[in-house]
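The values are calculated or read from the model by the stated rules, or taken from the named source; none is laboratory data. Bear in mind that the values here come from a model prediction, so they are computed numbers and not experimental data. Every residue, glycine among them, receives a Cβ derived from its backbone with ideal geometry; neighbour counts consider all protein chains shown.
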Amino acid sequence: MKFITDVNLGKLAKWLRILGYNTALYPGNADPNFLKSATKEGRIALTRRKNLAGRLPSGNLVIIQSDNVLDQLREIMETLSFLPDPARMFSVCSRCNCELSEVSREEISGMVPDYIFASHTEFHMCPHCKSVFWPGTHIEKVQCYLKTHIQNHHP
């Protein structure tokens with residue numbers, strides 16, 4: 001499943017990336033070009049613009065109702081009847097949407113704070129923006145949220 005969000009759903013795009021979903025962020029408001037991009041790239045279009053309803057086949061466009069990003073996430077999962085795959089979580093760069101690559105400690109020496117370098121052995125890097133990621137408390141927080149909010153509300 002691949003997604004595209006308009007600029008108004010940037011936080012949602014970041015969350016979907018954290019969950020491991022390829023999610024493009026359209027640079028403007030949802031418009032006919034946004035819908036063309038979704039179709040051309042085989043993506044599910046996500047927007048809050050109600051006037052776009054019916055412009056793409058069912059399942060290819062989701063009109064988001066909620067203002068809250070975590071409620072938006074739950075809404076998408078319920079609408080499309082899916083749960084995140086834990087094996088995919090944290091595999092996509094949350095900044096630029098590229099798949100992360102595992103790298104050695106030596107490769108990231110000097111690129112992370114000293115205490116992170118000393119206390120972690122697993123690192124991933126974005127090949128595009130060169131951001132470095134490591135397992136931290138955010139993983140537990142995301143998993144806790146999903147366990148308590150998403151799965152309990154799945155149809």
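Structure values in brief
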{"read-out": "Residue match in segment 2-17 (condition: of a type in the set (Asp, Glu) and assigned to a helix (DSSP H, G or I))", "value": "no"}
{"read-out": "Search result, residues across segment 90-131 that are on the phi < 0 side of the Ramachandran plot, of a type in the set (Phe, Trp, Tyr) and out of contact with any helix residue (DSSP H, G or I) (no Cβ under 6 Å at 6 or more places or on another chain)", "value": "TYR115, PHE117"}
{"read-out": "Sole exception among (1) small (Gly, Ala, Ser); (2) assigned to a strand (DSSP E or B); (3) within 19 Å of LEU146 (Cα to Cα) for ALA24, by number", "value": "(3)"}
{"read-out": "Failed item in (1) surrounded by fewer than 17 Cβ atoms within 10 Å (Cβ to Cβ); (2) in a loop (DSSP other than H, G, I, E, B); (3) at negative phi, with ALA30 passing the rest", "value": "(1)"}
{"read-out": "Any hit, segment 129-143, residues being within 21 Å of VAL7 (Cα to Cα), loosely packed, with under 13 Cβ neighbours inside 10 Å, not charged (D, E, K, R) and not assigned by TED's automatic domain parsing to the domain that holds LEU35", "value": "yes"}
{"read-out": "Qualifying residue in segment 71-83 (condition: of a type in the set (D, E, K, R), touching a residue at least 24 places away in the same chain (Cβ under 8 Å) and at negative phi)", "value": "yes"}
{"read-out": "Matching option when the condition is under 19 Å from LYS2 (Cα atoms) and either surrounded by 12 or more Cβ atoms within 10 Å (Cβ to Cβ) or touching a residue at least 24 places away in the same chain (Cβ under 8 Å) (or both), among LEU61, LEU146", "value": "LEU61"}
{"read-out": "Yes/no for ALA87 being loosely packed, with under 13 Cβ neighbours inside 10 Å, of a type in the set (A, V, I, L, M, F, W, C) and under 27 Å from SER131 (Cβ atoms)", "value": "yes"}
{"read-out": "Residue in segment 101-120 that is in contact (Cβ under 8 Å) with a residue 40 or more places away in the chain and surrounded by 14 or more Cβ atoms within 10 Å (Cβ to Cβ) present", "value": "no"}
